[in-house]
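Working notes for the structure below.
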Amino acid sequence: MLMKRLALGAMAAAAVALMSGCGTMTDVKMVVSDPDAHLAHAFSLEKMAPKLLSQVPRNQPAVGFRKLTIKTEATSEEPTGKKDAWVNLFIMEPFGDGLIRFKREQSSNGIPFNMFFSVSYAGMLDLRSQSVPLQGGYVGGIYDVKELKSLSPVPTAVGQTFESEYSAGPEVQLLNFTEYQRKCKATKLVPATDYHKDLPGKVLELDCENFRDGALHYRSKWAVIQQFGIAVMTEAVGTGSKNTYKIVEVSAQR
């Protein structure tokens with residue numbers, strides 16, 4: 001089932017870690033008191049496996065920002081007609097070679113209900129991540145890519161493809177990882193202003209299929225903001241819901 005408000009995969013992994021008694025328990029109060037400190041400490045490059053970092057495609061176009069803030073309005077509709085809506089606030093910083101570190105706050109009716117932390121490849125693949133529901137006292141540990149089998153450079157032109165294949169699980173898990181695969185094709189190049197008036201340059205649109213343990217999990221659409229060197233999901237369709245994400249605010253420090 002496609003998760004609506006919370007991060008795909010990361011929450012399920014946290015639940016498994018909690019139920020099995022493994023993983024470092026994170027005090028939500030400590031995280032929300034200084035989320036920037038948590039991001040800097042737990043999501044530094046030093047915390048990541050050198051082999052994994054060496055497999056990330058190099059010579060990516062330079063990221064066009066020192067700090068980038070993007071707000072999206074999210075809506076979800078289930079086959080029953082039930083609807084939901086919330087806001088995602090992304091704050092990103094570059095690590096170089098396509099790697100970015102970011103935090104995302106999700107809120108509804110002006111009340112935050114979840115925080116998500118990540119080191120990501122261009123926004124397309126979370127190499128290290130953690131989801132922190134703000135309504136509970138504790139949450140499970142960090143979710144890592146364990147083995148990266150393939151990772152394509154982000155497409156730059158219509159007709160090019162993107163593929164990632166990897167196994168992932170909680171940081172402390174040693175065996176029986178979940179297998180993931182994403183296959184995308186660039187379908188259209190449009191002015192970035194089609195997505196928001198303050199976005200510069202062009203946006204390359206991607207259509208993707210996302211697999212979990214060999215089975216189709218959900219389909220998604222992405223917008224590669226070429227000036228910034230990052231991708232933002234704009235649609236996700238699974239068996240339980242269709243989610244759409246509209247960019248409503250953009251602010252970049254260069």
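Every read-out reported here was derived from the displayed coordinates using simple, explicitly stated rules and does not represent laboratory data. This is a predicted model, so every value here is computed, not measured. Counting neighbours? That spans all protein chains shown, and the Cβs are built from the backbone with ideal geometry, glycine included.
Each of 201, 129, 79 was placed along the dipole of the chain (beta-carbon charges, centred on the mean Cα), and the one lying farthest toward the positive end is 201. Its residues counted as N, segment 99-151 yields a C-alpha radius of gyration over 2.2 N^0.38 Å of 1.30. How large, in Å, is segment 115-254 by the Kirkwood hydrodynamic radius built from its alpha-carbon pairs? Answer for segment 115-254: a Kirkwood hydrodynamic radius of 16.4 Å.
Residues 97, 36, arranged from fewest to most other Cβ atoms within 10 angstrom of their Cβ, appear as 36, 97.
For 166, 143, the sequence from fewest to most other C-beta atoms within 10 Å is 166, 143.
Rounded to the nearest 500, the helix-only mean residue ellipticity at 222 nm of the chain stands at -3000 deg cm²/dmol, with each DSSP H run of n ≥ 4 adding -39,500 (n - 2.57). For segment 67-136, the convex hull spanned by the alpha carbon atoms encloses 106 Å³ per residue.
The Stokes-Einstein estimate for segment 60-100, based on a Kirkwood radius over Cα pairs and taken at 20 °C with 1.002 mPa s viscosity, is a diffusion coefficient of 170 µm²/s. Segment 21-133 gives an Rg/Rh value of 1.01, both radii derived from C-alpha positions and Rh following Kirkwood.
Across the chain, Cα pairs under 8 Å and at least six residues apart give a relative contact order of 21 percent. Here the chain has an Rg and Dmax of 17.2, 49 Å, counting Cα atoms alone. Rg and Dmax of segment 173-254, based on Cα coordinates, read 15.2, 47 Å.
Among the trypsin sites (Lys or Arg not before Pro) within segment 48-115, those in coil by DSSP and having at most 16 neighbouring Cβ atoms inside 10 Å are 58, 66, 82.
Using a cut-off of 30 Å between Cα atoms, the listed pairs 67/188; 51/197; 29/185; 47/149; 47/183 include 51/197; 29/185 as exceeding that distance. Residues 92, 30 in ascending order of nearby Cβ atoms (within 10 Å, fewest first): 30, 92.
Any idea what log10 I(q)/I(0) is at q = 0.27 Å⁻¹ for segment 127-181, Debye with uniform C-alpha scatterers and no solvent? These q points yield log10 I(q)/I(0) values of -1.03.
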